[in-house]
Amino acid sequence: MSSYRQSVPTRSPREDDSAGLPRLPPGRHGLSRDFVVRNQRDRLAAGAIAAVAERGYHDASVTEICAGAGVSRRTFYSYFSSKEECYLQTFDFVGDHLRQVMTEAGAGEEDWPEKVRARLAAMLEVFAANPDLVRFTLVAPLRAGAEIVGRYRLGLERLLEVLAEDRPADGSERRPSPAIEQALLGGMMATITRRVENGEGELEDLLPDLVELFLTPYVGRETAARAAARSG
């Protein structure tokens, strides 16, 4: 899976490799248990993302996840008790990676609006590299059960924390109400989802609009517009 780091053998993947992750050799391959576990779990995460992105959460089956991962159902159930557990762990894995990438992207900027711009640019880059992540993390949860919807909302809150990190505490930026913050982030995710679902243009082209949309309630339209202009 191209959008997060993996520990896999170094070789060119075969055409039948699932999600670009190489299969383990059959028989007694001499690989460590930790390596085998990481490889299989990465493959199952990639299989889950592909199956859910294509069919939605409810219609994606464990059999399809295993087929995409190139592992048996027995292997699947050695790691997960259910499809829901597999989905939730993969969702958290993707979220952790996304927040790490965003945090690192903003580390080189001094001004908070520039940090926000860099973080949003990194988020769009991750989603653009694998649009299935948009369908898996932003579309599927809203059509799944209550626990998954709750995890989705928690994921949005954690993204908001990353974007708001390092916001000046001297009063130079106002803090909108929690309801407005949630609406902002929800609107941004909906914009990304529509772009992917409709296939209209590149995700990275959304950066100026997202920067201005997010920053305006904090720093005012003029400052937000300046930051957005530097994103074009």
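Among 122, 154, 142, whose Cα lies farthest out toward the positive end of the dipole of region 115-175, if unit charges sit on the beta carbon of Lys, Arg (+1) and Asp, Glu (-1)?
142
Sorted by mean Cβ packing within 10 Å, highest first, what order do the peptides 116-129, 145-158 take?
116-129, 145-158
Please give the peptides 175-182, 218-225 ranked by average Cβ packing (other Cβ atoms within 10 Å per residue), highest first, as a rough proxy for protection.
My ranking of the peptides, most packed first, is 218-225, 175-182.
Provide the packing ranking of 45-52, 192-199, i.e. peptides ordered by the mean count of other C-beta atoms within 10 Å per residue, highest first.
45-52, 192-199
What ratio of Cα Rg to 2.2 N^0.38 Å holds for region 85-229?
1.02
Given +1 on the Cβ of Lys and Arg, -1 on the Cβ of Asp and Glu, and no further charges, what dipole in debye does region 56-186 carry about its Cα centre, rounded to the nearest 20? Show your work: numbers first, answer last.
On the way: 15 positive and 21 negative charges, 112 e Å.
Using Cβ point charges on Lys, Arg, Asp and Glu, region 56-186 gives about 540 debye.
Taken together, the values in this text are just the output of simple stated rules run on the coordinates, not laboratory data. None of the values given here were measured: they were computed from a predicted structure. All Cβ positions, glycine included, derive from the backbone under ideal geometry; neighbour counts span all protein chains shown.
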